[in-house]
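J.: This structure is in structure tokens; I'll ask about it shortly.
The values are calculated or read from the model by the stated rules, or taken from the named source; none is laboratory data. In this text the structure is predicted, and so the values were computed from the model without any measurement. No Cβ is skipped: glycine too gets one built from the backbone with ideal geometry, and neighbour counts run over all protein chains shown.
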Amino acid sequence: MLDRRKLVSQILRFIIVSGIAFMIDAAVYLALTTQLEIDGSWAKRISFACVSVWGFFAHKHFTFRHRAFKASEPIRFACVYLTGWILNSFVYDTTIALDQTSKPAFLAATFAWACWNFVGQKWFVFRDPAESEAGQ
């Protein structure tokens, strides 16, 4: 059975890690574009890669407190992150096509991405073997 307190705790830690990830993303992007004068598209790719690496370890150890390591975890994490990025882009483009306003589109895309990432990381990347066995 799913422990609600554990789930709420993981969601709160996920929000904290995601907030810090946003700040890292913005700082790296701004440093690359303003200090090193790197093209914005490349700066965003680099900042996304930095946040992805940081996010893997932060979510593994802090959000989900997953201690075991399997070689497939980074691959599964990359799959969740990349499909989340595609979902984020799709939701943003679809929402902005309907509304023509960037703020609701940004919020909808970010919410969809966050939900996808939490679910993917909890039940695909860093799944808890005890929860899997309890559900069988």
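J.: Determine the pairs where a residue that is closer than 17 Å to Cys50 by Cα and in contact (Cβ under 8 Å) with a residue 24 or more places away in the chain, located within the range 67-84, has a partner that is among the hydroxyl-bearing types (Ser, Thr, Tyr) and in a helix (DSSP H, G or I) with Cβ atoms under 8 Å apart, the partner being 6 or more residues away or on another chain.
T.: Phe77/Ser52; Ala78/Ser52; Tyr81/Ser52
J.: Here is a check on your reading of the model: is Phe48 in contact (Cβ under 8 Å) with a residue 12 or more places away in the chain, within 19 Å of Arg127 (Cα to Cα) and either surrounded by 12 or more Cβ atoms within 10 Å (Cβ to Cβ) or of a type in the set (A, V, I, L, M, F, W, C) (or both)? If you could, list the steps in order and put the result at the bottom.
T.: Working: in contact (Cβ under 8 Å) with a residue 12 or more places away in the chain: yes; within 19 Å of Arg127 (Cα to Cα): no; either surrounded by 12 or more Cβ atoms within 10 Å (Cβ to Cβ) or of a type in the set (A, V, I, L, M, F, W, C) (or both): yes.
Taking the combined requirement at face value, the residue does not satisfy it.
J.: Something else now. Please find, within the range 104-136, the residue that is nearest to Ser18 (Cα to Cα) out of those that are modelled with pLDDT under 80 and of a type in the set (D, E, K, R).
T.: We begin by selecting, within the range 104-136, every residue modelled with pLDDT under 80; these are 128-136.
Then drop every residue that is not of a type in the set (D, E, K, R), which leaves 128, 131, 133.
Values: Asp128: 21, Glu131: 24, Glu133: 29 Å.
Residue satisfying both the conditions and the ranking: Asp128.
J.: So, in the range 51-66, exactly how many residues are free of Cβ contacts under 8 Å to residues at least 12 places away in the same chain and part of a loop (DSSP other than H, G, I, E, B)?
T.: Start the filter on the range 51-66 by keeping residues that are free of Cβ contacts under 8 Å to residues at least 12 places away in the same chain, which leaves 53, 57, 61, 65.
Those still in the list that are part of a loop (DSSP other than H, G, I, E, B) too: 65.
So the answer is 1.
J.: In the range 21-45, how many residues are surrounded by 15 or more Cβ atoms within 10 Å (Cβ to Cβ) and closer than 24 Å to Val80 by Cβ? Spell out the reasoning first.
T.: Taking the range 21-45 as the starting set, the residues that turn out to be surrounded by 15 or more Cβ atoms within 10 Å (Cβ to Cβ) are 21, 24-25, 28-29, 32-33, 38, 43-44.
If we keep only those that are closer than 24 Å to Val80 by Cβ as well, we get 21, 24-25, 28-29, 43-44.
Number of matching residues: 7.
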